[in-house]
Amino acid sequence: MNHRRPIHPSSFIFHPLLLAILLAGCAKPTAHPNVLLITLDTFRADRVTARTPNLLKLAESGIDYTQADAAAPLTLPSHATILSGLLPLHHGIRNNGVGPFPKERPTLATVFAGAGYRTGAFVSSFVLDHRFGLNRGFETYDDDIARDPNNPNATLDAQRRGGETVDRALAWLRRSDPRPWFAWVHLYDAHTPYAPPPPYAQTYDGAVQYVDDQVGRLLGAIDRATTIVVVVGDHGESLGEHGELTHGLLLYESTLHVPLIVAGGERRSESAPISTAAVAPMIAHLAGLTMSGDDRIYAETDYPKSFGWSGLTSLRDGNRKVIRGTRAETFELPNESKPVETDRRLLAQLQQIEATAIAAGPSSVDEETRSKLASLGYIAPRNAKPSNEDARDMAPLFRRYQDAQAVNAIPQLQELVREDPSNPVFLSTLARAYRQAGALDRALPLYREAVTLSPADADAWYNLASALSDAGKAGEAKDVAAEAARLAPDRPEIHNVLGIALVGSGDVSAALSEFQKALVLDPRNARSYNNIGNIYRISGKLDAAEAAYRKALEIAPNYADALNGLGVIAVQRGDTKAAIDDFNAALKIAPSFYEARLNRAIAMRVGGDRKGASDELQQLLRDLPPGPAYDSQRTAARALLSR
Ligand SMILES: [Zn+2]
């Protein structure tokens, strides 16, 4: 879902009076104070307690906004709002994985950079990668987060511990520079999986304590007298409330209510509700600069739309809150379990705000995509329309989906597809489970169906292309990957999968150009280097191939494919001992990497160990899963044994 529509100027109703009230008593703008903005991912407001002493102490030393609400329960849209003061429907980043942030809109980074500040950002999740555009204005944007190249589908899950992010921020803060600084540090550890380092408990609260200790390290390293510190959550975590385990699907306070602390001036507790869209102008004001923001406590989530369900919006006024999907419910906070009579005035205001969105919600299917579907013979099932069910009604199904997808539980996923047949995410998750079980023949029809259900979704095309390549259907894979690349030309992984399909179709030079495009878009993509290595190896350019594999391993030391590539080169050079070491290293990382086992057997055979090779090949034939995915290895192993 990449919306690249022109940005139209939208009208913002920003009430300077309210901001003036909120800011009253804040420190008088001093000339160029340093500013440290810490964003706490997935952090519930009620977790600032005695068990998080650093945050608690900070809250007591500044203004503690006890009724702050995020503008979206999703990391990228919410951070885009915190940094810009724009609501998601005005900056246009309405889901994770989309972007980039509009180039003409100011953010805290561009405003501070313009005022002569040194600016640095240190983020902990790939979700905030520079490709999504929040890097603009930052001299340093440290998003150097290792991704697992062995699992290309895990890219959005890539993250690093807060400790590492803080280390890097501290190194940057220690640099000698006469300018004042603006630093943004993002701590992601409270996000699932709750896996802080020992001795912290492997729970949400254990992760929260770890995050608090990282905040403590940051605060201990700066001169508080000359620094304004702002801490804000990007969204909360539902922890089972309203039937939601994590965040993103619903708009209750369990995921919207976040900590907001502004330390550097007056001390007080502020209980007037405030949106995180007011944070950017507030910070700018404290530094004597100006930014506009939005004081309406609006929130939205488009995430349910990926499932074919309705998105949700909400608006809060005091303790009144309306949540709107296919129906509207009004709540009198803090009670969100039982709606009160509909507040027509608030509902009308909410609909007015919705009407100012800069981009249409659901993406439409253009003519080229339609003709591509037809030329490939993909026919949508009869009930191919999104169900548009209200996300609140689908929460139980979503929860079952989360459980089933975490462990690739095929029967449970089949059940979900039966219950919600026009849900493209359920279909592609079931397809992925089949694929991982080696049942490509069952996965492919489902991936094709997912494409017909959401033809404007580049991911659906990408997944299908990747599975088609695995199945050896290079021609179809090439067409499908080309459509994914047309829909989302800036996605490096799509150029990688298109390149692989081109290799399969025998067009090596076109493939090389796709891999190079991927590398331009993402210079730290280990998979691109590995693919380039494969191309050079096929072309007999062994030195260039080795250099590319080594580059991939420099970025991702535990990359089984690249080790396998090095092993193949070593065999070609006649160094079977080095080759066997490389294959062993690959297999230590990925024990069921059958191609590496086959290659190891070949190396043994070339090195004169006929018996070892033959044992290995026979064992491999016993271990290879059935199905077309491993036919080429099966055929090769049999051919070698018969010689
Ligand atoms: Zn988040």
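Only the coordinates and a few stated rules stand behind these numbers; no lab work does. Note that the coordinates shown come from a computational prediction; the quantities given were computed from them, not determined experimentally. Don't worry about glycine lacking a Cβ; one is built from the backbone with ideal geometry, like all the others, and counts go over all protein chains shown.
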Sequence ranges 79-91, 167-179, 212-224, 597-609, ranked by mean other-Cβ count within 10 angstrom, highest first: 79-91, 597-609, 212-224, 167-179
All Cα pairs of the stretch 36-289, percent lying beyond 30 Å: 18 percent
Per residue of the stretch 512-525, what does 6.51 cos²θ - 1.76 cosθ + 1.60 with θ = phi - 60° give for ³J(HN,Hα)? Whole Hz please, x for Gly and Pro, Karplus curve as stated. 4, 5, 5, 5, 5, 4, 4, 5, 5, 5, 8, x, 9, 8
Arranged by the count of other C-beta atoms within 10 angstrom, fewest first, what order do Glu415, Glu493 take? Glu415, Glu493
Projected onto the charge dipole of the chain (unit charges on the beta-carbon of Lys, Arg, Asp and Glu, signs +1, +1, -1, -1), the Cα from Gly308, Ile555, Val425 with the largest positive-side position is that of Ile555
Shape descriptor, the stretch 36-90: equivalent ellipsoid semi-axes (Cα gyration tensor, sqrt 5λ, whole Å, largest first) stand at 24, 12, 10
If I take every Cα pair under 8 Å that is 6 or more residues apart in the chain, average their sequence separation and divide by the length, what percent do I get for the relative contact order? 13 percent
Cross-link reach list, lysines versus Lys338, counting only Cα pairs under 27 Å and skipping chain neighbours closer than eight places: Lys305, Lys321
Sort 128-135, 401-408 by packing, meaning the average of other beta carbons within 10 Å per residue, with the highest value first. 128-135, 401-408
Would you work out the charge dipole size for the chain about its Cα centre, treating the Cβ of every Lys and Arg as +1 and the Cβ of every Asp and Glu as -1, and quote it to the nearest 20 debye? 1120 debye
Among DSSP beta bridges whose residues both lie in the chain, state the antiparallel percentage, nearest 5. 50 percent
Here the tail fraction of P(r) beyond 24 Å, over all Cα-Cα pairs of the stretch 234-388, rounds in percent to 48 percent
What lysines sit close enough to Lys577 to cross-link, taking a C-alpha to C-alpha distance under 24 Å and skipping anything fewer than 8 places away on the same chain? Lys541, Lys551, Lys588, Lys611
Given H placed on each backbone N at 1.01 Å, which residues far from Trp184 in sequence or on other chains put an amide H within less than 5 Å of it? Leu37, Gly120, Ala121, Phe122
Given the candidates Thr227, Gln405, Ala207, the one whose Cα lies deepest towards the positive end of the charge dipole of the chain, counting +1 at each Lys or Arg C-beta and -1 at each Asp or Glu C-beta, is Gln405
Prolate/oblate/rounded label for the stretch 528-570 (Cα gyration tensor, a/c 1.5): prolate
Dipole magnitude (debye, nearest 20) for the stretch 36-289, charges at Cβ of Lys, Arg, Asp, Glu: 680 debye
Which of the aspartates and glutamates could a cross-linker bridge to Lys103, judged by Cα under 14 Å and excluding same-chain residues fewer than eight apart? none
Quick one: dipole size for the stretch 535-643, taken about the Cα centre, charges +1 on Lys/Arg Cβ and -1 on Asp/Glu Cβ, in debye to the nearest 20. 300 debye
Of the peptides 366-375, 188-197, 297-306, 555-564, how do they stack up when ordered by the mean number of other Cβ atoms within 10 Å, highest first? 297-306, 555-564, 188-197, 366-375
In whole angstrom, note down how far apart the Cα centers of the stretch 329-345 and the stretch 131-181 are. 41 Å
Enter the Cα centre distance for the pair the stretch 105-121 and the stretch 396-422, rounded to the nearest angstrom. 44 Å
Given Cβ charges of +1 for Lys and Arg and -1 for Asp and Glu, the option among Leu56, Leu128, Tyr252 whose Cα lies farthest towards the positive end of the dipole of the stretch 36-289 is Leu128
Just to confirm my numbers, what's the Cα centroid distance between the stretch 607-643 and the stretch 43-78 in Å? 58 Å
Tell me the Rg and the Dmax, in Å, that the Cα atoms of the chain produce. 26.4, 86
